[in-house]
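S.K.: Dropping the structure in here first, questions after.
The values are calculated or read from the model by the stated rules, or taken from the named source; none is laboratory data. Keep in mind it's a predicted model, so treat the numbers as computed, not measured. In this analysis, Cβ positions are derived from the backbone assuming ideal geometry, glycine residues included, and neighbour counts consider all displayed protein chains.
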């Protein structure tokens, strides 16, 4: 693992700005609206890290996927703020691969995304650590998962995070604990497609925010949430995918959070925006809220 590139501020906070489902295509009027929103949010929030949780581009509906991706990340790159990306089901659906998208990311100094291990499923499984405000020692961890795209035809629906990714997470969690003298670091996880527990938490009747559509999770549960409970580090997960959902629900002590849809060039009734996440140094609790263009 690399030395920390991310640090808590002197006031003990670390803020993350999550954009999701930008669906950039060809620079049309709606894309211009999306990019302006991103620029405005970055200027207003001044986060310590920007995270894009998938469907950055709508690769299936355009001729120049590479150009669309460069356009989509331009404002984030220009900000100079460190940023990390996970991909959704539409990013490499046609005309470009996740590997090529990551090659483009590596052209930029403020990109923190990596391909991840070659012996597990996906592109973009990695961990970032956040150093303390007064020391470079690890104070928190951020996990990023490639949630895939579509399930085999025999199952149907959306892909699930694969068992070897779950085992990779367990290994990384144990390695972080060993590196930090047995301490379990508070951690967050980011991926695109929600896991089935996002549906289950709704039945408790305690979610906060908007559930405007069905949870489009995989039909099969590969055990990621169970692994998170057993490892005891992850306190919150953040996804996109379902544009009319932005709720947060606590399930067995872990907060399951949707981002707020950012892109105008796609379906959805919700006003476009972003989610802000604030970690508190030394705490397993975090603050999070949706931000809109007029706030």
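S.K.: Among the listed residues 257, 216, which satisfies the condition of being part of a loop (DSSP other than H, G, I, E, B), free of Cβ contacts under 8 Å to residues at least 60 places away in the same chain and under 22 Å from residue 143 (Cα atoms)?
M.R.: After applying the criteria, what remains is 216.
S.K.: Given 36, 43, 10, which one is surrounded by fewer than 15 Cβ atoms within 10 Å (Cβ to Cβ) and assigned to a loop (DSSP other than H, G, I, E, B)?
M.R.: Numbers: 36 fails: assigned to a loop (DSSP other than H, G, I, E, B); 43 fails: assigned to a loop (DSSP other than H, G, I, E, B).
Being surrounded by fewer than 15 Cβ atoms within 10 Å (Cβ to Cβ) and assigned to a loop (DSSP other than H, G, I, E, B) holds for just one of 36, 43, 10, which is 10.
S.K.: Suppose we filter 186, 196 for residues that are without any contact (Cβ under 8 Å) to a residue 40 or more places away in the chain and under 20 Å from the mean Cα position of the chain (by Cα); which single one remains? Reasoning before the result, please.
M.R.: Working: 186 fails: without any contact (Cβ under 8 Å) to a residue 40 or more places away in the chain.
Of 186, 196, the one residue that is without any contact (Cβ under 8 Å) to a residue 40 or more places away in the chain and under 20 Å from the mean Cα position of the chain (by Cα) is 196.
S.K.: Follow-up. What residue, among those in segment 109-121 that are more than 29 Å from residue 12 (Cβ to Cβ) and touching a strand residue (DSSP E or B) at 6+ places or on another chain (Cβ under 9 Å), is surrounded by the most Cβ atoms within 10 Å (Cβ to Cβ)? Steps first, please.
M.R.: Filtering segment 109-121 down to residues more than 29 Å from residue 12 (Cβ to Cβ) leaves 115-121.
Still in the running and touching a strand residue (DSSP E or B) at 6+ places or on another chain (Cβ under 9 Å): 115-117.
Values: 115: 17, 116: 20, 117: 15.
Per the criteria, the residue is 116.
S.K.: For residue 171, which of the numbered conditions (1) touching a residue at least 24 places away in the same chain (Cβ under 8 Å); (2) within 30 Å of residue 137 (Cα to Cα); (3) surrounded by fewer than 21 Cβ atoms within 10 Å (Cβ to Cβ) fails to hold?
M.R.: Going through the list (1) touching a residue at least 24 places away in the same chain (Cβ under 8 Å); (2) within 30 Å of residue 137 (Cα to Cα); (3) surrounded by fewer than 21 Cβ atoms within 10 Å (Cβ to Cβ), residue 171 breaks only (1).
S.K.: Moving on. Could you check segment 200-213 and list, in sequence order, the residues that are surrounded by 13 or more Cβ atoms within 10 Å (Cβ to Cβ) and either part of a loop (DSSP other than H, G, I, E, B) or at pLDDT below 95 (or both)?
M.R.: Listed by number, the residues that qualify are 207, 209, 210, 212, 213.
S.K.: If residue 91 meets every condition in (1) closer than 19 Å to residue 164 by Cα; (2) crowded, with 21+ Cβ neighbours inside 10 Å apart from one, which number is that one?
M.R.: The failed condition is (1).
S.K.: Let me ask you something else. Of the residues 139, 84, which single one is over 17 Å from the mean Cα position of the chain (by Cα), in contact (Cβ under 8 Å) with a residue 40 or more places away in the chain, buried (at least 22 other Cβ atoms within 10 Å of the Cβ) and closer than 21 Å to residue 13 by Cα?
M.R.: Details: 84 fails: over 17 Å from the mean Cα position of the chain (by Cα).
After applying the criteria, what remains is 139.
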